[in-house]
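Novice: Encoded as structure tokens, here's the structure I'll be asking about.
The values are calculated or read from the model by the stated rules, or taken from the named source; none is laboratory data. Computed from a prediction, not measured in an experiment: that's the story for all the values here. Note that we place each Cβ from the backbone using ideal geometry, even for glycine, and neighbour counts take in every protein chain shown.
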Amino acid sequence: MANLDERGISDILAITFMILFAIFAGVVLHAYRFDAIVSATNRQLQTKAEYTYRTLELSQVENYSLTYFKGVAENLIGVGEAVVPYELLQSEIENVLEYVRPAGYGIMIKLVYENENWIQIAPSGTEQPGSNVTKYTFSGKTTIIIAEAGENRVAQVSSDVSIFKI
């Protein structure tokens, strides 16, 4: 019967390969732990674009009973005297965009009504992203009912929120 304290070369090689495999697996797992999965990052940014859109669509401008998008729509359409002044609306939207903007990314809102448009980008001073830049966009429509003397008129403003890498 062989002595159990004796080790052969095959035992030493097996243990060596197990140790090397454990070290290699640890390095690979450590490397992948810090990298976000690309599809998960894309989904997060798409969700953030929708979140920003819904925030501007549903939140009211401070001290006014009008949402951000409806305030912009009134300014675009030119309905009499707008409830929220242009300058105040621009400042308030800038504050919201700076708050919800992910680090390293820019947010652009664009509202279009016929030949008029409103484009605002955060951070301020950032240019519109080119066609070759990857954008995560959420779109919708903002509807305004305009009360006129004889009848009511419905106007729809197209609205987009895009997030892009700076």
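Novice: Tell me which of these Glu87 doesn't satisfy, since it passes every other one: (1) more than 24 Å from Tyr136 (Cα to Cα); (2) in contact (Cβ under 8 Å) with a residue 12 or more places away in the chain; (3) of a type outside the set (S, T, N, Q); (4) not in a loop (DSSP other than H, G, I, E, B).
Specialist: Here Glu87 clears every test but (2).
Novice: For segment 28-73, how many residues meet the condition of being among the hydrophobic types (A, V, I, L, M, F, W, C) and closer than 21 Å to Ile145 by Cβ?
Specialist: Taking segment 28-73 as the starting set, the residues that turn out to be among the hydrophobic types (A, V, I, L, M, F, W, C) are 28-29, 31, 34, 36-38, 40, 45, 49, 56, 58, 61, 66, 69, 72-73.
Applying the additional criterion that residues be closer than 21 Å to Ile145 by Cβ yields 56, 58, 61, 66, 69, 72-73.
Residues in segment 28-73 being among the hydrophobic types (A, V, I, L, M, F, W, C) and closer than 21 Å to Ile145 by Cβ: 7 in total.
Novice: Taking the condition touching a residue at least 40 places away in the same chain (Cβ under 8 Å), surrounded by 10 or more Cβ atoms within 10 Å (Cβ to Cβ) and polar (S, T, N, Q), does Thr52 pass?
Specialist: Details: touching a residue at least 40 places away in the same chain (Cβ under 8 Å): yes; surrounded by 10 or more Cβ atoms within 10 Å (Cβ to Cβ): yes; polar (S, T, N, Q): yes.
Spelling it out, Thr52 is indeed touching a residue at least 40 places away in the same chain (Cβ under 8 Å), surrounded by 10 or more Cβ atoms within 10 Å (Cβ to Cβ) and polar (S, T, N, Q).
Novice: Within the bounds of segment 146-160, is there any residue that is within 12 Å of the chain's Cα centre (by Cα), part of a strand (DSSP E or B) and not charged (D, E, K, R)? Let's see the steps before the verdict.
Specialist: Our first condition is that a residue be within 12 Å of the chain's Cα centre (by Cα); within segment 146-160, this holds for 160.
Imposing the further condition that a residue be part of a strand (DSSP E or B) reduces the set to 160.
Then drop every residue that is not not charged (D, E, K, R), which leaves none.
Within segment 146-160, not a single residue is within 12 Å of the chain's Cα centre (by Cα), part of a strand (DSSP E or B) and not charged (D, E, K, R).
Novice: Specify the residue that is surrounded by the fewest Cβ atoms within 10 Å (Cβ to Cβ); the eligible residues are those in segment 1-31 that are modelled with pLDDT under 80 and among the charged types (D, E, K, R).
Specialist: Among residues in segment 1-31 that are modelled with pLDDT under 80 and among the charged types (D, E, K, R), the one surrounded by the fewest Cβ atoms within 10 Å (Cβ to Cβ) is Asp5.
Novice: Check whether at least one residue in segment 72-82 is crowded, with 16+ Cβ neighbours inside 10 Å, assigned to a strand (DSSP E or B) and modelled with pLDDT of 85 or more, and report yes or no.
Specialist: Filtering segment 72-82 down to residues crowded, with 16+ Cβ neighbours inside 10 Å leaves 72-77, 79, 82.
Now restrict to residues that are assigned to a strand (DSSP E or B): none.
Checking segment 72-82: not a single residue is crowded, with 16+ Cβ neighbours inside 10 Å, assigned to a strand (DSSP E or B) and modelled with pLDDT of 85 or more.
Novice: For Leu97, state whether it is out of contact with any His (no Cβ under 8 Å at 6 or more places or on another chain), crowded, with 17+ Cβ neighbours inside 10 Å, under 12 Å from Val161 (Cα atoms) and touching a residue at least 12 places away in the same chain (Cβ under 8 Å).
Specialist: Taking the combined requirement at face value, the residue satisfies it.
Novice: Would you point out which residue out of Gln44, Gln128, Gln60 is surrounded by fewer than 17 Cβ atoms within 10 Å (Cβ to Cβ), at pLDDT 85 or above and closer than 29 Å to Lys165 by Cβ? Break it down stepwise before answering.
Specialist: Values: Gln128 fails: at pLDDT 85 or above; Gln60 fails: closer than 29 Å to Lys165 by Cβ.
Step by step, each of Gln44, Gln128, Gln60 is checked, and only Gln44 is surrounded by fewer than 17 Cβ atoms within 10 Å (Cβ to Cβ), at pLDDT 85 or above and closer than 29 Å to Lys165 by Cβ.
Novice: Still on this structure, please answer the following. Take Ile107 and decide whether it is surrounded by 13 or more Cβ atoms within 10 Å (Cβ to Cβ), on the phi < 0 side of the Ramachandran plot and in contact with a Leu (Cβ under 6 Å, 6 or more places away or on another chain). It would help to see each step written out before you state the result.
Specialist: Numbers: surrounded by 13 or more Cβ atoms within 10 Å (Cβ to Cβ): yes; on the phi < 0 side of the Ramachandran plot: yes; in contact with a Leu (Cβ under 6 Å, 6 or more places away or on another chain): yes.
When the stated conditions are applied, Ile107 passes them.
Novice: Being in a strand (DSSP E or B) and in contact with a Leu (Cβ under 6 Å, 6 or more places away or on another chain) is the requirement here; does Val112 meet it?
Specialist: Numbers: in a strand (DSSP E or B): yes; in contact with a Leu (Cβ under 6 Å, 6 or more places away or on another chain): no.
Criteria not met by Val112.
Novice: For segment 131-150, enumerate the residues that are small (Gly, Ala, Ser) and either modelled with pLDDT of 90 or more or over 30 Å from Ile166 (Cβ atoms) (or both).
Specialist: Filtering segment 131-150 down to residues small (Gly, Ala, Ser) leaves 131, 139-140, 147, 149-150.
Across segment 131-150, the qualifying residues are Ser139, Gly140, Ala147, Ala149, Gly150.
Novice: Quick check on Arg101: is it of a type in the set (Lys, Arg) and over 24 Å from Arg43 (Cα atoms)? First the steps, then the outcome.
Specialist: Working: of a type in the set (Lys, Arg): yes; over 24 Å from Arg43 (Cα atoms): no.
No: the conditions fail for Arg101.
Novice: Further question on the same structure: Would you confirm whether or not segment 41-57 contains a residue that is polar (S, T, N, Q), closer than 30 Å to Arg153 by Cα and not in a helix (DSSP H, G or I)? Let's see the steps before the verdict.
Specialist: The initial filter retains those residues of segment 41-57 that are polar (S, T, N, Q), namely 41-42, 44, 46-47, 52, 55.
Subsequent filtering for residues that are closer than 30 Å to Arg153 by Cα retains 52, 55.
Remaining after also requiring not in a helix (DSSP H, G or I): none.
There is no residue in segment 41-57 that is polar (S, T, N, Q), closer than 30 Å to Arg153 by Cα and not in a helix (DSSP H, G or I).
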